[in-house]
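Beneath this line is the structure, given in structure tokens, with notes to follow.
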Amino acid sequence: MSYKKTEHYDEEATAALMKNYRDNISLLGEDPDREGLLKTPERIAKAMQYITQGYGQDAEAVLNSAKFHEDVSEMVIVKDIELYSMCEHHMLPFYGKAHVAYIPNGYITGLSKIARVVDIYSRRLQVQERLTHQILDAIHNSLNPLGVAVVIEASHLCMMMRGVSKQNSVTTTSAFYGEFQKNETRSEFMKLISAKLH
Ligand SMILES: [Zn+2]
């Protein structure tokens, strides 16, 4: 297997992170020996490793692991893919939805693999713009399709909880390759992702 699906924690990294988070708790003015906080450094250490597990995973290998020859050239859309990531500026979460489409050029991939690619790049310290392009590039490089489109809509806790406190703002980013650079194809995709089908 070219990637791991299970939760796996590096013992050395966990121990070092635990020590760090214990210090952080003190520095923030709390008592790390308080009952409710005793296991907190370990929980954060494991949560953070889980949240950043995308570094050890190869998105193109995932796509190639379920790549099939198929003579179709209709747009394939996977919409409303749940997304949870961490902004690299504040290490606070941003979350939302990704909508991904491609137009096959002889090859298709498993639909669940598209969602996996979103996870792999989300589970890192990110900016939404780069995340959008990385998803597009992975699909472009592994399937060589006629076109790829990625739209991400996300809320950023660093904007909602601190500073400007804009609770309801949603950031939308997009990236288009090939056929999707044509107005007609791109608007068909935009129409399809905004449509309620049921
Ligand atoms: Zn931020």
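The values are calculated or read from the model by the stated rules, or taken from the named source; none is laboratory data. All figures in this text were calculated on a predicted structure; none of them were measured in a lab. Every residue, glycine as well, gets a Cβ built from its backbone with ideal geometry; the counts of neighbours run over all protein chains shown. When the accessible area is computed, the model is the full protein with side chains, heavy atoms only, and any ligands, DNA or RNA have been set aside. Shrake-Rupley method; radii C 1.70, N 1.55, O 1.52, S 1.80 Å.
Worth a mention:
- Residue count for the range 64-75 satisfying the condition of being surrounded by 16 or more Cβ atoms within 10 Å (Cβ to Cβ) and either within 15 Å of ALA149 (Cα to Cα) or within 16 Å of the ligand (Cβ to nearest atom) (or both): 1.
- Scanning the range 24-55 for residues that are under 30 Å from the mean Cα position of the chain (by Cα), free of Cβ contacts under 8 Å to residues at least 24 places away in the same chain and in a helix (DSSP H, G or I) yields ASN24, ILE25, LEU37, THR40, ARG43, ALA47.
- Of all residues in the range 66-114 being within 23 Å of VAL127 (Cα to Cα) and among the small types (Gly, Ala, Ser), the one that is farthest from the chain's Cα centre (by Cα): ALA101
- Matching residues, the range 77-128, being within 16 Å of the ligand (Cβ to nearest atom), open to solvent by 40 Å² or more (accessible area, probe 1.4 Å), within 22 Å of ASN168 (Cβ to Cβ) and not aromatic (Phe, Trp, Tyr): HIS89, HIS90, LEU92, PRO93
Let's see how each residue does on (1) aliphatic (A, V, I, L, M); (2) within 16 Å of the ligand (Cβ to nearest atom):
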| position | (1), (2) |
| --- | --- |
| PRO145 | no, no |
| ALA149 | yes, no |
| GLU153 | no, no |
| GLN167 | no, yes |
| ALA175 | yes, no |
| ARG186 | no, no |
| ILE193 | yes, no |
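- Checking SER2 against (1) open to solvent by less than 70 Å² (accessible area, probe 1.4 Å); (2) within 20 Å of the chain's Cα centre (by Cα); (3) modelled with pLDDT of 95 or more, the condition it does not meet: (3)
- Looking only at the range 144-198, residues that are outside any loop (DSSP other than H, G, I, E, B), among the basic types (Lys, Arg) and in contact with a strand residue (DSSP E or B) (Cβ under 9 Å, 6 or more places away or on another chain) come to 1 in all.
- Residue within the range 56-65 that is over 25 Å from SER155 (Cβ atoms), in a helix (DSSP H, G or I) and more than 18 Å from the chain's Cα centre (by Cα) present: yes
For (1) modelled with pLDDT under 95; (2) on the phi > 0 side of the Ramachandran plot; (3) open to solvent by less than 90 Å² (accessible area, probe 1.4 Å), each residue gets a yes or a no:
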residue	(1), (2), (3)
GLU7	yes, no, no
GLU30	no, no, yes
LEU38	no, no, no
GLN57	no, no, yes
